[in-house]
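Take a look at the structure below.
The values are calculated or read from the model by the stated rules, or taken from the named source; none is laboratory data. This structure is a prediction, so every number in the text was calculated from the model and none was measured. No Cβ is skipped: glycine too gets one built from the backbone with ideal geometry, and neighbour counts run over all protein chains shown.
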Amino acid sequence: MTLRDLLIKRKDDIVKEWFDLVLEAYPDESKDFFRKQQNRFANPMGHNIREGISGLYDVIVDHGCDSEKAAPFLDQIIRIRAIQEFPPSVALAFVLEFKELVRREVSAGHEELSEEVNKLEQNLDKLALQAFDVYMGCRERIFELRVNELRNLMFGALERANLVSFPAEGEKEVKENKI
Amino acid sequence: MADIPKPEELAKIDHTPPETPWMETPTVFRDGMWCYGAKPQNIEAVGMPNPREWSPKDEDWKLPDNWKEIVLDGMKDRLGKFRSFKLFMDICVRCGACADKCHYFIGSGDPKNMPVLRAELLRSLYRKNFTLGGKLFGKLAGGRDLTMDVFKELWYYMFQCSECRRCSVFCPYGIDTAEITMMGRELINLLGCNIDWIQAPVANCYRTGNHLGIQPHAYVSMIEFFCDEIEDVTGVRVNPTFNRKGAEILFITPSGDVFADPGTYTAMGYLMLFHYLESMGLDITWSTYASEGGNFGFFTSHEMAKRLNAKMYAEAKRLGVKWILGGECGHMWRVVHQYMDTFNGPADFLEEPVSPITGTKFENAKSTKMVHICEFTADLIRHNKLNLDPSRNDNLVVTFHDSCNPSRGMGFFEEPRYVIKNVCNNFYEMPSNTIREETFCCGSGAGLNAGENLELRMRGGLPRANAVKHVHEKHGVNMLACICAIDRAALPTLMEYWVPDVEVTGVHELVGNALILEGEKKRTTDLRGEPLPGMEDIEDEDL
């Protein structure tokens, strides 16, 4: 049995454990809600994280953590984590925590796969770095949106009140240089 | 030799939250979650207490020595004055039906954003100070003393409720959490601790008549700017009037429609509709004094809401109009529908509104004398009075976000949908548990649409954005319509973060695009200057 075979066979259980690990960061009262409410619109966070890690699982197992394939799933999870109360070390811990889940599987009678585990872990390290990029992208987006809101409000109002004047398209500031 | 930790031990980060009961879990003020404190000049301008320079991040909030007494006396006063407040403090059985209905809780997982627990912050003070059980048994009976930390916690969470009332829909007792938040905010305001994003609009509105402090001449300039834009797009010059005595109808809309995109395009839609109806007998005026439909006093105190609301009736009386037509606004309509009549009514100097075009009597507005523009327009369409070309909106695939206040505050579901379906050919609903009375808030209501609390807004808006994303992926929805100025200000940012391909519009922008004006030139663009469907390659000079 290869590591891939093992992970495909055990997918449902591992994804469930992984999801539970992600939820560990939330208080008990909230954890239950995120875990139990199955309606995707009543529980968008639970739904997106579950769907995101399930998709990520397939990318890890079948595509060697291919960055292009992983991107939408990382985004689905991290876009939410980036606006919650967590420092990046907690928001992104779920990628590295997957190592522990794999080790647990392998140590339960599949020690011969440890060589393959090493390779997987190297890929997961790359995935963790990619996750950091996604996280920073989300944070930068937040700051950008904040600046845009303020700029649009102020400039828009001034423009509409005829309090500012901009050169029209194609208009030259000095028509002829006679100096 | 010390044990070297194994890799799995190093990788293990303990991020389990503390397992203390909520009363013992201290509240930490996170940046991105709170708004700046009210500036002294904005407190002073409306004669409210304790103006001073302060920041919610400061250790010392510069409260008067007897601040506890002020809060508890204020609570006692309100418990006596508002029967609903007393009931809401007493009757909650903590069944938890509301717990997972709040968008801030759903987006954050913070238990203190469960409506039941947020209300409990105030209820614990009520129990300790106003019930025998609480006085005798304190914490055992769910009571706690008012300390500075408790007050700060109350402040932090009272400004994490957008008073949207979604939780109230699910409460078996009908407890209106928005009213609890209102009471909490009133108590906070007794100590001058409002947020400036609310206090500044209150002060501006009181002084100049609108949130941004736009003076009359600038207000007129802004609307004339729209007239120029409309002329560019349609070739027709519209000529609104201002402060015109003797007009039949006074039009009042949130100032967001005048100063903030994309509300400005909605304002153009109003102007075009009024111009269209002029020859059919519409006699309407704008006001540069009642230049604000919104009422941030409503997020401050009942008294302040009443003072700001009064200008609508005062201006209607001064101009001698028969009735008031109101624009697309959220909380304005909740104030009008549920409070205006008892705040400042009866408006017996006005007449029961009748559409001058169709003769329809708006009996639901018999008391307040104020009609929602979507209802007015829906009635026009129903009577076949508008010449519409919905294909001009064919580049749009539209969904409708029920704004909290018109939907839950006045049961206003069908009229905007009826209008949209008549001016657009592509309309798709979001899932049923995210619209109508179960609609999710934009995450920025009740004065929380500031810049400094953007993380809070993005969390609170997650459930709404998630539903939009669904119809975007399933049906290709690219336009989110709404009938609230705060929505129009807040949803574009929310969309840019969660669903970047979806834009935001007011309903009357869509009307403006579809409406065929008499004598108009062949239109090549919509009101935003974007090419109309099929006109992508046509330049103006080709026509």
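The helices (runs of 4 or more DSSP H) found entirely in region B:83-170 that carry 2 or more residues being crowded, with 21+ Cβ neighbours inside 10 Å and modelled with pLDDT of 95 or more are B:83-90, B:103-108, B:115-130, B:148-158, B:166-170. Screening residue A:24 with (1) within 12 Å of chain B (Cβ to nearest Cβ); (2) touching a residue at least 12 places away in the same chain (Cβ under 8 Å) gives one miss only, at (2).
Residue B:65: over 20 Å from residue B:199 (Cα atoms), assigned to a loop (DSSP other than H, G, I, E, B) and in the same structural domain as residue B:184 (by TED's automatic domain parsing), yes or no? So residue B:65 passes the test.
Being within 27 Å of residue B:166 (Cα to Cα) and of a type in the set (Gly, Ala, Ser), is that true of even one residue in region B:109-119? For region B:109-119, residues within 27 Å of residue B:166 (Cα to Cα) and of a type in the set (Gly, Ala, Ser): present. If you go through region B:406-448 and pick out every residue that is in a loop (DSSP other than H, G, I, E, B) and either within 14 Å of another protein chain (Cβ to nearest Cβ) or within 20 Å of residue B:494 (Cβ to Cβ) (or both), you end up with 15.
How many residues does region B:390-403 contain that are in a helix (DSSP H, G or I) and in contact with a helix residue (DSSP H, G or I) (Cβ under 7 Å, 6 or more places away or on another chain)? Going through region B:390-403 one residue at a time, the tally reaches 3.
Just one of (1) without any contact (Cβ under 8 Å) to a residue 40 or more places away in the chain; (2) assigned to a helix (DSSP H, G or I); (3) out of contact with any helix residue (DSSP H, G or I) (no Cβ under 7 Å at 6 or more places or on another chain) fails for residue B:70. It is (1).
Cβ-Cβ contacts under 8 Å between residues 6 or more apart (or on different chains), taken from a first residue in region B:320-333 that is in the same structural domain as residue B:348 (by TED's automatic domain parsing) to a second residue that is polar (S, T, N, Q) and assigned to a strand (DSSP E or B), are listed as B:321/B:285. Applying the set (1) part of a helix (DSSP H, G or I); (2) crowded, with 16+ Cβ neighbours inside 10 Å; (3) within 11 Å of another protein chain (Cβ to nearest Cβ) to residue A:78 leaves exactly one unmet item: (3). Determine, yes or no, whether residue B:439 is over 29 Å from residue B:474 (Cβ atoms), assigned by TED's automatic domain parsing to the domain that holds residue B:481 and of a type in the set (S, T, N, Q). In short, no.
Report those helices (runs of 4 or more DSSP H) wholly inside region A:86-170 carrying at least 3 residues which are over 14 Å from the mean Cα position of the chain (by Cα) and more than 10 Å from every other protein chain (Cβ to nearest Cβ). Before the answer, list the steps.
Numbers: elements: A:88-91, A:93-107, A:114-160.
Where helices (runs of 4 or more DSSP H) fall fully within region A:86-170 and carry at least 3 residues being over 14 Å from the mean Cα position of the chain (by Cα) and more than 10 Å from every other protein chain (Cβ to nearest Cβ), they are A:93-107, A:114-160.
Of the residues making up region B:212-255, those that are away from every other protein chain (no Cβ under 14 Å), polar (S, T, N, Q) and crowded, with 22+ Cβ neighbours inside 10 Å are B:234, B:253. Of the numbered criteria (1) out of contact with any helix residue (DSSP H, G or I) (no Cβ under 9 Å at 6 or more places or on another chain); (2) within 14 Å of another protein chain (Cβ to nearest Cβ); (3) of a type in the set (A, V, I, L, M, F, W, C), the one residue B:93 fails is (2).
Filter region B:164-223 down to the residues that are touching a strand residue (DSSP E or B) at 6+ places or on another chain (Cβ under 9 Å) and either without any contact (Cβ under 8 Å) to a residue 60 or more places away in the chain or within 24 Å of residue A:149 (Cβ to Cβ) (or both) and list them by number. Working first, answer last.
Initial filter on region B:164-223 (touching a strand residue (DSSP E or B) at 6+ places or on another chain (Cβ under 9 Å)): B:192-196, B:199, B:216, B:219-220, B:223.
Hits for region B:164-223 are B:194, B:195, B:196, B:199, B:219, B:223.
Go through region B:451-477 and give me each residue that's in contact with an Asp or Glu (Cβ under 7 Å, 6 or more places away or on another chain) and at the interface with chain A (Cβ under 7 Å from one of its Cβ atoms).
The answer is B:451, and nothing else.
Can you find a residue that is more than 9 Å from chain A (Cβ to nearest Cβ), in a helix (DSSP H, G or I), surrounded by fewer than 22 Cβ atoms within 10 Å (Cβ to Cβ) and not small (Gly, Ala, Ser) anywhere in region B:478-492? No.
Just one of the listed residues (B:21, B:40) is more than 14 Å from chain A (Cβ to nearest Cβ) and more than 19 Å from residue B:182 (Cβ to Cβ), and it is B:40. The condition (being surrounded by fewer than 24 Cβ atoms within 10 Å (Cβ to Cβ), modelled with pLDDT of 95 or more and not aromatic (Phe, Trp, Tyr)) is satisfied by just one residue among B:536, B:509, B:530, B:541: B:530. When residue B:302 is tested against (1) touching a helix residue (DSSP H, G or I) at 6+ places or on another chain (Cβ under 6 Å); (2) over 23 Å from residue B:362 (Cβ atoms), exactly one condition is not met: (1). When residue A:13 is tested against (1) more than 12 Å from chain B (Cβ to nearest Cβ); (2) touching a helix residue (DSSP H, G or I) at 6+ places or on another chain (Cβ under 8 Å), exactly one condition is not met: (2).
Of all residue pairs spaced 6 or more apart or on separate chains, those with beta-carbon atoms under 7 Å, a first member in region B:369-397 that is more than 14 Å from residue B:511 (Cβ to Cβ) and a second member that is in a helix (DSSP H, G or I) are B:370/B:336; B:371/B:365; B:397/B:475. Scanning region A:59-72 for residues that are surrounded by fewer than 21 Cβ atoms within 10 Å (Cβ to Cβ), assigned to a helix (DSSP H, G or I) and in contact (Cβ under 8 Å) with a residue 40 or more places away in the chain gives A:61, A:62, A:67, A:71.
If you take the residues of region B:427-442 that are crowded, with 17+ Cβ neighbours inside 10 Å and touching a residue at least 40 places away in the same chain (Cβ under 8 Å), which of them is nearest to residue B:393 (Cα to Cα)? Give the derivation first.
So in region B:427-442, the residues crowded, with 17+ Cβ neighbours inside 10 Å come out as B:427, B:430, B:434-436, B:438-442.
Filter once more, keeping what is touching a residue at least 40 places away in the same chain (Cβ under 8 Å): B:430, B:438-442.
On the way: B:430: 19, B:438: 28, B:439: 25, B:440: 26, B:441: 26, B:442: 24 Å.
Going through the qualifying residues, I end up with B:430.
Is it the case that some residue within region B:81-102 is over 30 Å from residue A:42 (Cα atoms) and in contact (Cβ under 8 Å) with a residue 40 or more places away in the chain? Checked region B:81-102: at least one residue is over 30 Å from residue A:42 (Cα atoms) and in contact (Cβ under 8 Å) with a residue 40 or more places away in the chain. Criterion applied to B:328, B:352 was being within 22 Å of residue B:164 (Cβ to Cβ), assigned to a loop (DSSP other than H, G, I, E, B) and out of contact with any Pro (no Cβ under 6 Å at 6 or more places or on another chain), and the one residue passing it is B:328. For residue B:495, the requirement of being under 23 Å from residue B:433 (Cα atoms) and crowded, with 16+ Cβ neighbours inside 10 Å is met. Would it be correct to say that residue B:185 is assigned to a helix (DSSP H, G or I), surrounded by fewer than 24 Cβ atoms within 10 Å (Cβ to Cβ), touching a helix residue (DSSP H, G or I) at 6+ places or on another chain (Cβ under 8 Å) and not assigned by TED's automatic domain parsing to the domain that holds residue B:306? For residue B:185, the condition - assigned to a helix (DSSP H, G or I), surrounded by fewer than 24 Cβ atoms within 10 Å (Cβ to Cβ), touching a helix residue (DSSP H, G or I) at 6+ places or on another chain (Cβ under 8 Å) and not assigned by TED's automatic domain parsing to the domain that holds residue B:306 - is not met.
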